[in-house]
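Have a look at the structure below before the remarks.
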Number of protein chains: 2
Amino acid sequence: MSLVIFAILSAIFTFIMVNVFSYMVRKEDAGTDEMRAISSYIREGARAFLKREYKTIAFLSLIVVLIIAFGLSYEGVSYVIYTIIAFIIGAFLSLLAGWIGMDTATISNVRTANAAKNKGLFEAFRIAYLGGSVMGLSVASLSILGMAGLFFVFYTISKDIQLSASVVAGFSMGAAFVALFARVGGGIYTKAADVGADLVGKVEAGIPEDDPRNPAVIADNVGDNVGDTAGMGADLYDSLVAGTVSAIVIAAFAKNADPMLGIGYALALGAIGTLSSILGYFLIFLFKNLRPERILLNTVFIVGGIFAIISFILTYMLFGNLNLFWPLIFGLVSGVLIGYIAEFFSTGRRIMDLAEAANSGVAVNIIEGIALGMRSAVIPGIAVAISFVIAFKMGEVSGYGGFYGVAIACIGMLAITGITVTVDAFGPIADNAGGIVEMAGLGKEIRKITDVLDAAGNTTAAIGKGFAIGSAIFTVMAVFSAFSDMVTQRFGLEFNPSLMKPEVVAAALIGAIVPFFFSSGAMRAVGRTAKLVVEEVRRQWREIPGLLEGKVGVKADYARIVDITTTGAIKNMTIPGMTAFLSPLIVGILLGLEALGGFLVGALVAGIPLALTMNNAGAAWDNAKKYIEQTGAFGGKGSQAHKASVEGDTVGDPFKDTAGPSLNILLKMMSIVSLVFLPFIYEFHNWLVNALKFLIGG
Amino acid sequence: MSLVIFAILSAIFTFIMVNVFSYMVRKEDAGTDEMRAISSYIREGARAFLKREYKTIAFLSLIVVLIIAFGLSYEGVSYVIYTIIAFIIGAFLSLLAGWIGMDTATISNVRTANAAKNKGLFEAFRIAYLGGSVMGLSVASLSILGMAGLFFVFYTISKDIQLSASVVAGFSMGAAFVALFARVGGGIYTKAADVGADLVGKVEAGIPEDDPRNPAVIADNVGDNVGDTAGMGADLYDSLVAGTVSAIVIAAFAKNADPMLGIGYALALGAIGTLSSILGYFLIFLFKNLRPERILLNTVFIVGGIFAIISFILTYMLFGNLNLFWPLIFGLVSGVLIGYIAEFFSTGRRIMDLAEAANSGVAVNIIEGIALGMRSAVIPGIAVAISFVIAFKMGEVSGYGGFYGVAIACIGMLAITGITVTVDAFGPIADNAGGIVEMAGLGKEIRKITDVLDAAGNTTAAIGKGFAIGSAIFTVMAVFSAFSDMVTQRFGLEFNPSLMKPEVVAAALIGAIVPFFFSSGAMRAVGRTAKLVVEEVRRQWREIPGLLEGKVGVKADYARIVDITTTGAIKNMTIPGMTAFLSPLIVGILLGLEALGGFLVGALVAGIPLALTMNNAGAAWDNAKKYIEQTGAFGGKGSQAHKASVEGDTVGDPFKDTAGPSLNILLKMMSIVSLVFLPFIYEFHNWLVNALKFLIGG
């Protein structure tokens, strides 16, 4: 229990640091009036989107609460109430972290731009980093605070360790629920704005990116914040929570080891990772003279190293052996490896080949890009498979069972979420700073500084995405583990989801279809919303005199585009979101718990290569385009090859920023829903089987 | 046993009919000297390709024979020899069917063109149908003759029903081996030629399709034969064989029912389907006055109906109940349904929407097309899942076990392969006839007739592809069934590939990656070979004076392009082919039989939606392009929308004709290899585990 309290105190301390960092950002100078104005447009747009999104989430949450109340009612009143409280707090803290992080991000962008103008590269870097770390540390501290706090309170009241652990799963469902909408809604928003702005601006009118004459430009910058910052933050918040909650649930039902120790260990690891992440800010001063990219990478590696060393000591102190240290390290290394492979397939020789394919035409570029993405799934898939087996075997040795090992591997990958989200949120801040420099007309020299920061952000974003997908895999496996464990331990059922059973294989097949269905919906939503953006931009150019010509004093109606993309994103995220929520319930009730296991594994194994394909193909197209633009290869900007590469990049946008990352959440959401509603599915399925028997028999 | 003999006699009778039909085609007039010359170019090209392909297959088969001899050696000499004989005959008969069918197809095309010129639509239709039925009936009769004949001989010699059944699995592996290379090699060939010819002809030089000035035009027409005819034939041959062999293996090990009856029943169903298919030719005269499309569809439906009725009677006579009739019908209906859904997603409203997307640009067209393809996987996946469960349950009731029911469902879908392949092979003949009309300059009126036939062929091709993918799903499940059955029955092992076991889930994940890896290879091969074609065409236009201008008497060097595409296809099919062959062996040996089960299911569930996505997206892009061309929508030919739709079609080509269909075979191949090498994998894995234990322990 002292470990749980340690986790709570660490989280509180981290949250204090969040406020300190946030204050440090705020006291920086925000620059000229024009810069402030532009920044406030972005800020207002982001806030408007988040408010609308939060309202929708709040409304849909009500439905979920009703389902919980109805579905879990026979588990007893306190079980229902605890679960609902956990669900609401899980969702609320995620929204809060997103709000704080994004609000700070939209304050940091203009200050980064101003620092670039007045104080040079490192100061600009420092402010962008600070802004990112507010997001990163909010995510990490609030997630741990929530889990550890709830467990502490529930356990203090009920004195029932298994009950307390089971209901904390509701916290994870709240996190997944918010993450789903933040990722999917944010992903649709950001890409609809981006694609729309590009199609009508760059391609049709021939004006540069971030040009204030383009009415979609603010929405595009808002998109960077709501998609890349808030979406990614909610995603990793969810993964860390799901991994930790799985460990808690599994440990609570452990028979051959101390449950409380297992729970405390899982929470303590997250706390150590978070405390290590705080150090990141102080480390950047050590590397002051290096390129921003290297500062970020070094910081991440050192924080990872510190975490590994302290965990090593803690593990040995608590257990007297290192059985659980190995899953931890395999998880951490897998995350880095997946990020590295993502990076590998979107740089160097691969990109030159893809640019050459673009030179042969659009179709060849698309074919080669998809083929590249598909190949990129091979090594991560095999690596995860190996880590999974090792984590399981070591978990068995530890006494907590194989599945606990898997959950620890997941925590190993995610404990340093504080720093991963920091460097990830750094990217959109730098990107936005560049946009503000452009829109405020601060000149090319200043833009160069923000471009260097932006490039650094792109590199770390690739690693961040690697962690996000890697963590999704481990999270699903961890939650699936908790699910299996709960069926056997809590219900004492024989749980044998064997592939010899037809309903398991059939459910696996249905599960495998879901990621395809979901991706289809996400991509179409982008296409449709982008179309509305294009039409509105055309209308404004037609109806607002002097706008396209760039007459001084003529302003575009930015808010209208922000409104269109917001509505489009919110409207289109509901159906895929509810599919993710309802499909495991339906499959479980109709086909039973073992089939539900097949369903989850089917979705997992099909979803992972699909997500990797889409993420990496998208990144590769993006970089091939940049390669042609920056090196002038195959005729550079304006050539046929460049046009083909722009088309590839546009196809890649919804691949890598909407459908691909949304799959992470889909997979996590479906498994956590299965876990939380396990008792409900079990009872309802039995009732159905009996009713059928009665009908046939009678 | 009398059922087995009935199957043999039916197959022999059918093969006689093949020769009669073939003779009937040959005695038709082949038209003018120019037409004969063009036809002979295509024929020589197709023969050249097949010869090269067959040589490669023969060489690689030797390696397989060595692996069999080595891997199965301790099973005893007769087991090895029987398996090798079965493998070689299985491969040989497939090659023979492909050769006969394709040879007749390349004779029929010119005769169809000539009949269109001199005798009108129905006569042209009749000849194309006859040509197709030579292929269809060769495939059906030779497959049944081989299986029934081998089983009869082996059983007569050994009197051991289980041994005879087990070694007949080698026949299925031979079929799969040929199918893999025919599909992948043919698929690469046909699309490399097509894409290359289009890119350099239609797009670059602006000359129409099938223009004799384009040196790639013969290769393009050859491609229709080697890809669509020989490839599809080998594919369905393989499915029918795999489904039937699975039923034979499962029945042979049955404990609660008569093994010989189960074996005879499976073979007799195929024989009935084949005999029904012969009737198809006589049915077309009944519908003489309908549109060709309707004639084909009616014929298929009536043949299917006749098969269903006779099977109904046979089932009731043999078993006194209809338990096994239901799987049969569910299989048949699933095949039709998958074909229908494929048709649905590539026609009507969906295509108009896609054409509208093309109007918004290439990228939007690509995004919407992929999204459409992904959605199209949902209903077939669910339908197959349901049929699978029903077939399994009815199989359990029958006493032969659930897996036997699945195998029967597979046979139900494939028994009428004779007619499915007939109407499928009809397409390329009509397509080729159109090409000959164009190249020989027979005029627009004649071309209209062949265009009507071609359109009819496209409709039935969609259904054929539906059957191919549907059958692959059921085949894999049937083979997987036989696999599971053999592990438990023959080795008496506890076989519990439970998702609670980490190695099963890990292997499922690795299995799911294989279809992505494989598709990646197939698509890249098309891109690369097409590039060589483009370069060679450009060279010829540059270096052969008067060629591009269309000077009379100047001929392109068609053979050179045929040679390039042949080499490209053969070279590029080896690595994916051997991957399919070796990956199950490696996974099985390293992780064990249960993990191998997970591997196969993982590949299956990920491969199916991927294949459906690629097939249906490709067909939709193709039809959207045709819609714009034919209706003049969005500006018709030459408009921006049309250009975007051509790019979509080009991306779709390797999707729908190379990677998509190859996945069928990949899945079938991996499962049949697992089945045949089961004893080897089992022994070798045990050896490995013991060696490891010795190393660690010692």
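Taking the listed residues A:LYS625, A:LYS668, the one that is of a type in the set (Lys, Arg), in a helix (DSSP H, G or I), within 14 Å of chain B (Cβ to nearest Cβ) and buried (at least 24 other Cβ atoms within 10 Å of the Cβ) is A:LYS625, with no other qualifying. Please work out if A:SER276 is among the hydroxyl-bearing types (Ser, Thr, Tyr) and part of a helix (DSSP H, G or I). Spelling it out, A:SER276 is indeed among the hydroxyl-bearing types (Ser, Thr, Tyr) and part of a helix (DSSP H, G or I).
Listed residues A:VAL397, A:VAL336; which is within 25 Å of A:ALA461 (Cα to Cα), touching a residue at least 12 places away in the same chain (Cβ under 8 Å) and out of contact with any helix residue (DSSP H, G or I) (no Cβ under 6 Å at 6 or more places or on another chain)?
A:VAL336
When the range A:307-325 is filtered for residues that are under 29 Å from the mean Cα position of the chain (by Cα) and over 19 Å from A:ASP424 (Cβ atoms), the ones remaining, listed by number, are A:ALA308, A:ILE309, A:ILE310, A:SER311, A:PHE312, A:LEU314, A:THR315, A:LEU324, A:PHE325.
Any chance you could count how many residues in the range A:442-464 are part of a loop (DSSP other than H, G, I, E, B) and touching a residue at least 40 places away in the same chain (Cβ under 8 Å)?
Within the range A:442-464, residues that are part of a loop (DSSP other than H, G, I, E, B) and touching a residue at least 40 places away in the same chain (Cβ under 8 Å) number 1.
Just one of (1) over 30 Å from B:ALA522 (Cα atoms); (2) modelled with pLDDT under 90; (3) away from chain B (no Cβ under 14 Å) fails for A:ILE419. It is (2). Within the range A:370-414, the residues that satisfy the criterion of being more than 8 Å from chain B (Cβ to nearest Cβ) and not in a helix (DSSP H, G or I) are A:GLY399, A:TYR400, A:GLY401.
A:SER311: in a helix (DSSP H, G or I) and at pLDDT 90 or above, yes or no?
Yes: the conditions hold for A:SER311.
Taking the stated definitions as given, is B:SER73 polar (S, T, N, Q), modelled with pLDDT under 85 and surrounded by fewer than 22 Cβ atoms within 10 Å (Cβ to Cβ)?
yes
Of the conditions (1) more than 9 Å from every other protein chain (Cβ to nearest Cβ); (2) more than 33 Å from the chain's Cα centre (by Cα); (3) among the aliphatic types (A, V, I, L, M), B:ALA482 clears all except one; give me its number. With respect to (1) more than 9 Å from every other protein chain (Cβ to nearest Cβ); (2) more than 33 Å from the chain's Cα centre (by Cα); (3) among the aliphatic types (A, V, I, L, M), B:ALA482 is out only on (2). Cβ separations smaller than 6 Å between residues 6+ apart or across chains give the following pairs from the range B:25-37 residues that are touching a residue at least 60 places away in the same chain (Cβ under 8 Å) and more than 13 Å from B:GLY441 (Cβ to Cβ) to residues that are assigned to a loop (DSSP other than H, G, I, E, B) and not charged (D, E, K, R): B:ARG36/B:ALA30. Determine whether the range B:80-101 contains at least one residue that is in a helix (DSSP H, G or I) and closer than 19 Å to B:GLU28 by Cβ. Yes, the conditions are met somewhere in the range B:80-101.
When B:TYR41, B:TYR23 are screened for being out of contact with any helix residue (DSSP H, G or I) (no Cβ under 9 Å at 6 or more places or on another chain), of a type outside the set (Lys, Arg) and more than 30 Å from B:PRO584 (Cβ to Cβ), only B:TYR23 passes.
Flag: A:ALA512 does not match the condition of being touching a residue at least 60 places away in the same chain (Cβ under 8 Å), in a helix (DSSP H, G or I), buried (at least 20 other Cβ atoms within 10 Å of the Cβ) and more than 7 Å from every other protein chain (Cβ to nearest Cβ). Considering the range B:485-499, the residues that are within 9 Å of another protein chain (Cβ to nearest Cβ) and surrounded by fewer than 21 Cβ atoms within 10 Å (Cβ to Cβ) include one that is modelled with the lowest pLDDT, namely B:THR488. The residues in the range A:244-273 that are among the acidic types (Asp, Glu) and assigned to a helix (DSSP H, G or I) can be counted, and the count is 0.
So which residues in the range A:358-369 are within 18 Å of B:SER520 (Cα to Cα) and either surrounded by fewer than 24 Cβ atoms within 10 Å (Cβ to Cβ) or more than 7 Å from chain B (Cβ to nearest Cβ) (or both), if there are any at all?
Within the range A:358-369, A:ALA358, A:ASN365, A:GLY369 qualify.
Once the range A:515-548 is narrowed to residues that are touching a residue at least 60 places away in the same chain (Cβ under 8 Å) and not in a helix (DSSP H, G or I), the residue that is nearest to the other protein chains (Cβ to nearest Cβ) is A:LEU548. Does any residue of the range A:171-187 turn out to be surrounded by fewer than 24 Cβ atoms within 10 Å (Cβ to Cβ) and either under 30 Å from A:VAL526 (Cβ atoms) or charged (D, E, K, R) (or both)? No; the residues of the range A:171-187 include none that is surrounded by fewer than 24 Cβ atoms within 10 Å (Cβ to Cβ) and either under 30 Å from A:VAL526 (Cβ atoms) or charged (D, E, K, R) (or both).
Condition check for B:LEU286 on (1) surrounded by 18 or more Cβ atoms within 10 Å (Cβ to Cβ); (2) closer than 23 Å to B:ALA128 by Cα; (3) not small (Gly, Ala, Ser): one failure, at (1). With the structure loaded, tell me whether B:LYS643 is within 30 Å of B:ILE207 (Cα to Cα), of a type outside the set (Asp, Glu), surrounded by fewer than 24 Cβ atoms within 10 Å (Cβ to Cβ) and at the interface with chain A (Cβ under 10 Å from one of its Cβ atoms) or whether it fails that test. Spelling it out, B:LYS643 is indeed within 30 Å of B:ILE207 (Cα to Cα), of a type outside the set (Asp, Glu), surrounded by fewer than 24 Cβ atoms within 10 Å (Cβ to Cβ) and at the interface with chain A (Cβ under 10 Å from one of its Cβ atoms). Of all residues in the range B:559-572, none satisfies being of a type outside the set (Val, Ile, Thr), farther than 30 Å from B:ASP210 by Cβ and out of contact with any Pro (no Cβ under 6 Å at 6 or more places or on another chain). Only one entry in B:ALA383, B:ALA409, B:ALA440, B:ALA355 is crowded, with 24+ Cβ neighbours inside 10 Å and farther than 30 Å from A:ALA197 by Cα, namely B:ALA409.
The condition of being away from chain A (no Cβ under 14 Å), buried (at least 24 other Cβ atoms within 10 Å of the Cβ) and of a type outside the set (Val, Ile, Thr) holds for only one of B:GLY635, B:GLY577, B:GLY618, that being B:GLY577. Here B:PRO661 meets each of (1) modelled with pLDDT of 90 or more; (2) crowded, with 24+ Cβ neighbours inside 10 Å; (3) not small (Gly, Ala, Ser) with one exception, condition (1).
The values are calculated or read from the model by the stated rules, or taken from the named source; none is laboratory data. Because the structure is predicted, anything quoted here is derived from the model rather than measured. Neighbour counts are summed over all protein chains in view; Cβ atoms, including those assigned to glycine, are modelled from backbone coordinates with ideal geometry.
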